[in-house]
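This report refers to the structure that appears directly beneath it.
Just so you know, all these numbers are worked out from the coordinates, no wet-lab data involved. This one's a predicted model, so the numbers in the text were calculated from it and none came from an experiment. We place every Cβ from the backbone using ideal geometry, glycine too, and count neighbours over all the protein chains shown.
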Amino acid sequence: MGYLMAVVLVLLAGVTARAEAGEQDAPPSVQAPRRSPDFLFGRPDGSIAVRGSWIFSRSGSDWYDFVTDQLTIDNSDFNAPAVTFELSFLMTPRLDIVAGVDLSSASTTSEYRDFVDNNRLPITQSTKLRGTTLSGGVKYALIPRGREVGNVAWVPNPVIPYVGAGGGAHWFELTQQGDFVDFVDLSVFSNLFESSGWSPSAHVFGGADVKLHRRVYLTIEARYQWTAGDLGADWIDFDPIDLSGLQIGTGVNFVF
């Protein structure tokens, strides 16, 4: 009987050793993956945003009236794509201070509607309008951005609508190059007209941040900006060019 008990004890020891060795040698792939928590460890301090948008130009000054009357240009030709970069910092649970830069560019080709050259060929031009806005403002969340759970966890809301306003400085560059008609003697000449400069701007905006991940939001925003620029000596007797317009865009917002 003692001999039999000894054999049983040896067999049990071997099985136990093999089981422990199997647990230690198990590859990591068979272990259950750890999911990242769907909350933050504390309220965010700010965000970085990148948006693509489309600008619908108001085109409300006499320069647009002149070129659309004489040339095969429509006001919609100055609608343009734009890209926006923004940095914001939390001031209160619902209020951010925001700084950003917008870049846009529109270009079109044209010809005179009522004139041709001596060879009865179109009299053609190319027009380009570029803009850059450096701005600052405030952004207010219409509902709380999230809620605190305990002392450390902060759960963001899935959708956060917001409004805001601000101002800044807008730089524009307008160039028009090609052949033109001298209305004094109806001769055709080649030239480059250009104007550029800085002017103050103001804007209002509204939109929503939609959560895609703990720190990543989809942003949808509409913004209206007011600004105008002095055309300078190349366009005599024209009012400042209207550079205002509606901007609608979408992008991503990374909170930190």
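Is the C-alpha gyration tensor of segment 45-151 telling us rounded, prolate or oblate? Criteria: a/c under 1.5 is rounded; beyond that, a/b larger than b/c is prolate, otherwise oblate. Intermediate results must be reported in sequence, preceding the final value.
Values: a/c = 4.65, a/b = 3.93, b/c = 1.18.
Prolate.
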Note: segment 185-256 at 10 °C, 1.306 mPa s; Kirkwood Rh on alpha carbon pairs; Stokes-Einstein D in µm²/s works out to 100 µm²/s
If you keep only loop residues by DSSP, which trypsin sites (Lys or Arg not before Pro) in segment 106-146 have at most 10 other Cβ atoms within 10 Å of their Cβ?
Arg120
Long-range tail of P(r) for segment 133-256 (Cα pairs > 24 Å, %)
51 percent
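Taking the Cβ of each residue in Leu87, Leu231 as the centre, tally the other Cβ atoms inside 10 Å and list the residues starting with the fewest. Show your work: numbers first, answer last.
Values: Leu87 14, Leu231 23.
Ordered by Cβ neighbours within 10 Å, fewest first: Leu87, Leu231.
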Going fewest to most other Cβ atoms within 10 Å around each Cβ, Asp77, Asp179, Asp65 line up as Asp65, Asp179, Asp77
When Phe205, Phe56, Phe78 are ordered from fewest to most other Cβ atoms inside 10 Å of their Cβ, what list results?
Phe56, Phe205, Phe78
Compute the label zone of Phe183 within segment 68-107: residues whose backbone N is under 19 Å from the point 7 Å along Cα-to-Cβ.
68-75
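Give me the tail of P(r) for segment 73-134 as a percent: Cα-Cα pairs with distance above 19 Å. Write down the numbers at each step before the final one.
Working: 1076 of 1891 pairs.
The calculated P(r) of segment 73-134 puts 57 percent of pairs beyond 19 Å.
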